[in-house]
Ligand code: ADP
């Protein structure tokens, strides 16, 4: 090459360099303008690696003056975080090898020793002749982004940790109720792995967890319906909740509270189900709350009057409707006052007794009188128990109005008194009756003896003195003899009457058979009177056979006897069941009797006919009948009209 050539060559190189320089400048100016408003700085190294440009934003990001670095007093690598130096040096080598570096992250320490995250990209710069002229380096401060990212990662880790290690179960379901995620608590509870749970519908899982004895009530379909109704309609800010008992895989019953919240992930809606396991304390609180609710409900709707009073001053702090109804006072009138202030206490001594038993702290049960709003006084039975409400000592009292009871009790007492009097009378009567019986027996028995003596002497008189006595005396003697005989008969009847039932024996008796026997015994009478006797169906009964036989016999005889002359007696004997008794009837077609005498005829020695009439008798048959029926605790009466026949009826209860 000659000198001219050399000169030309030099000139063109200078020109080229000038052009390059110009180009670079305009780029730098543009970049500086741009850089002022950005968070990235630009740097240029020449082909030998010497830094010849650093954009001003470098100072803003690092706090160092760029001239120190351009002058070569300091190297950019000095700012690199010691942990990242190795990496950065490797990248330097790549830069020297003219390789492209994209988005390489490392940390710088700024002047205040703060960490700055930098994303570095570098590219070799070539001129138009494709000659390597240097390296362009772009550094972006990504500290903020990094911090956000780190925070995000940290919070995601936190969330994940929370999600997985939560004491409570968490299930994420999609809009169709399909489980998309769940935490390890759910796995533990169900004994199933996440893989087994995911894709199952939430109600299927729930059904699995329900205690066996609740399964009848809560079918899968019911659960599905409940989810559709109560969860899938929730608005974004709404929460559904439920409380229930579930069975863990270990067989232990757990109480859970479900909180279900809709969540948006992207533009898709999911539901997050928090299964909160209630600790014993929580459960106790929850149950206490439920109990309180229950108590409140009972308190409000109970028909029993209930009040709560503060222990220290007996001020009413709550009353239920039943008490306002009982007392006539409104809730507002009562609450905040004492019974004494409301003039409800009738007897202050009673109040003292109440206070005393309350102070002794025992559950008390007492009665007292309450003056209600109308001024009326009612009898109350009261139960008291001490309870503590939110730390305030109270008494819980129930009131029962026993006024009606008292009245009924009084009536009962009156009745008892009446009965006692009647009983005393009855005892007296029984005693008298007994005495009378004894008297009748003794009298008739004792009378026999003198009567016999009289009769004997009458016979002696008649036999030994018949020649001596005149016609009149013999006539008188005859009258005395007749009277004596009659007296003897009366005495015997009386004796028999008083003995009636003495040796009574209760025997199971076929009444039909017995009656036929009686008719057989009366064969002569029946035949001679041409009587027709009809016997209906008869029961088998426990009765005093001998006495019953006499009863039937007397009635048949009377039916045949009290007939108009020439009338053929027709006697019908019937029986029918009436409640616990058998009712017998003996009817005839005889002369009948005036109903006025229907009671009298059952008395001893009572007859409706004069002695000399066609109807003989002593008036004892029906008295015997009555006594026999009474022995059986039955009743006897007659339905009859004169000339229309008679129906004698009696009852024999089942003994
Ligand atoms: P007596 O038959 O000895 O008179 P009762 O005691 O058997 O005594 O009867 C009392 C009275 O009742 C009878 O005198 C009679 O007047 C009336 N009497 C009883 N049975 C009948 C009857 N079947 N029909 C009408 N009167 C009767």
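Across segment 244-264, what is the number of residues that are at pLDDT 85 or above and in a loop (DSSP other than H, G, I, E, B)?
Residues meeting the conditions: 0.
Specify the residue that is farthest from the chain's Cα centre (by Cα); the eligible residues are those in segment 579-593 that are within 11 Å of the ligand (Cβ to nearest atom) and assigned to a strand (DSSP E or B). Spell out how you get there, then give the answer.
So in segment 579-593, the residues within 11 Å of the ligand (Cβ to nearest atom) come out as 586-593.
Retained after the next criterion (residues that are assigned to a strand (DSSP E or B)): 586-587.
Working: 586: 62, 587: 64 Å.
Here the answer is 587.
Only one of (1) at pLDDT 85 or above; (2) more than 21 Å from residue 624 (Cβ to Cβ); (3) more than 16 Å from the ligand (Cβ to nearest atom) is not met by residue 515, so which one is it?
Exception for residue 515: condition (2).
Taking residue 37 and the conditions (1) at pLDDT below 90; (2) part of a helix (DSSP H, G or I); (3) over 23 Å from residue 133 (Cα atoms), which numbered condition does it fall short on, given that it satisfies the others?
For residue 37, the failing item is (2).
Does residue 571 fit the bill of being assigned to a strand (DSSP E or B), more than 7 Å from the ligand (Cβ to nearest atom) and over 14 Å from residue 646 (Cβ atoms)?
Numbers: assigned to a strand (DSSP E or B): yes; more than 7 Å from the ligand (Cβ to nearest atom): yes; over 14 Å from residue 646 (Cβ atoms): no.
So residue 571 fails the test.
So if I check each of 224, 235, which one is touching a helix residue (DSSP H, G or I) at 6+ places or on another chain (Cβ under 6 Å) and either within 22 Å of residue 163 (Cβ to Cβ) or modelled with pLDDT of 80 or more (or both)?
Values: 235 fails: touching a helix residue (DSSP H, G or I) at 6+ places or on another chain (Cβ under 6 Å).
Every option except 224 fails the conditions.
Select, from 387, 416, 378, the only residue that is at pLDDT 85 or above and either surrounded by 11 or more Cβ atoms within 10 Å (Cβ to Cβ) or farther than 21 Å from residue 340 by Cβ (or both).
Details: 387 fails: at pLDDT 85 or above; 416 fails: at pLDDT 85 or above.
Going through 387, 416, 378 in turn, the sole match is 378.
Which of the residues belonging to segment 545-566 are modelled with pLDDT under 95 and touching a strand residue (DSSP E or B) at 6+ places or on another chain (Cβ under 6 Å)?
If the condition is that a residue be modelled with pLDDT under 95 and touching a strand residue (DSSP E or B) at 6+ places or on another chain (Cβ under 6 Å), then 545 is the only one that fits.
Among strands (runs of 3 or more DSSP E) lying entirely in segment 461-562, which contain 2 or more residues that are over 60 Å from the mean Cα position of the chain (by Cα)?
Values: elements: 506-510, 532-535, 540-544.
Fully inside segment 461-562 and qualifying: 532-535.
I'd like the full set of residues that are under 14 Å from residue 554 (Cβ atoms) and more than 8 Å from the ligand (Cβ to nearest atom), limited to segment 612-630.
Within segment 612-630, 626, 627, 628, 629 qualify.
Tell me which of these residue 576 doesn't satisfy, since it passes every other one: (1) surrounded by fewer than 19 Cβ atoms within 10 Å (Cβ to Cβ); (2) in contact (Cβ under 8 Å) with a residue 40 or more places away in the chain; (3) under 28 Å from residue 653 (Cβ atoms); (4) away from the ligand (no atom under 11 Å from the Cβ).
The one condition residue 576 does not meet is (2).
Report yes if some residue within segment 594-611 is away from the ligand (no atom under 13 Å from the Cβ) and free of Cβ contacts under 8 Å to residues at least 12 places away in the same chain; otherwise report no. First the steps, then the outcome.
Kept after step one, since they are away from the ligand (no atom under 13 Å from the Cβ), are these residues of segment 594-611: none.
No, segment 594-611 contains no residue that is away from the ligand (no atom under 13 Å from the Cβ) and free of Cβ contacts under 8 Å to residues at least 12 places away in the same chain.
What number of residues within segment 338-356 satisfy the criterion of being farther than 18 Å from residue 381 by Cβ and surrounded by 15 or more Cβ atoms within 10 Å (Cβ to Cβ)?
The total comes to 2.
Find all pairs meeting these conditions: Cβ atoms under 6 angstrom apart; at least six residues apart or on different chains; first residue within segment 53-70 and more than 18 Å from residue 115 (Cα to Cα); second residue at pLDDT below 90 and in a loop (DSSP other than H, G, I, E, B).
As it stands, the answer is 68/74, since those pairs meet every condition given.
Using beta carbons and a limit of 8 Å, which pairs, at least six apart or on different chains, have the first residue in segment 551-573 and in contact (Cβ under 8 Å) with a residue 60 or more places away in the chain and the second one more than 11 Å from the ligand (Cβ to nearest atom) and assigned to a loop (DSSP other than H, G, I, E, B)?
Close Cβ pairs (under 8 Å, with a partner that is more than 11 Å from the ligand (Cβ to nearest atom) and assigned to a loop (DSSP other than H, G, I, E, B)) amount to 557/522; 559/531.
Please enumerate the residues belonging to segment 322-340 that are more than 16 Å from residue 311 (Cα to Cα) and in a loop (DSSP other than H, G, I, E, B).
328, 329, 330
When the residues of segment 286-306 are narrowed to those that are at pLDDT 70 or above and either in contact with a helix residue (DSSP H, G or I) (Cβ under 9 Å, 6 or more places away or on another chain) or within 18 Å of residue 168 (Cα to Cα) (or both), which ends up surrounded by the fewest Cβ atoms within 10 Å (Cβ to Cβ)?
Once the filter is applied, the top-ranked residue is 303.
Being at pLDDT 85 or above and either more than 36 Å from the chain's Cα centre (by Cα) or at positive phi (or both) is the requirement here; does residue 201 meet it? Spell out how you get there, then give the answer.
Numbers: at pLDDT 85 or above: yes; either more than 36 Å from the chain's Cα centre (by Cα) or at positive phi (or both): no.
No.
The values are calculated or read from the model by the stated rules, or taken from the named source; none is laboratory data. Please read all numbers here as calculations on a predicted model, not as lab measurements. Cβ atoms come from the backbone with ideal geometry, glycine included; neighbour counts cover every protein chain shown.
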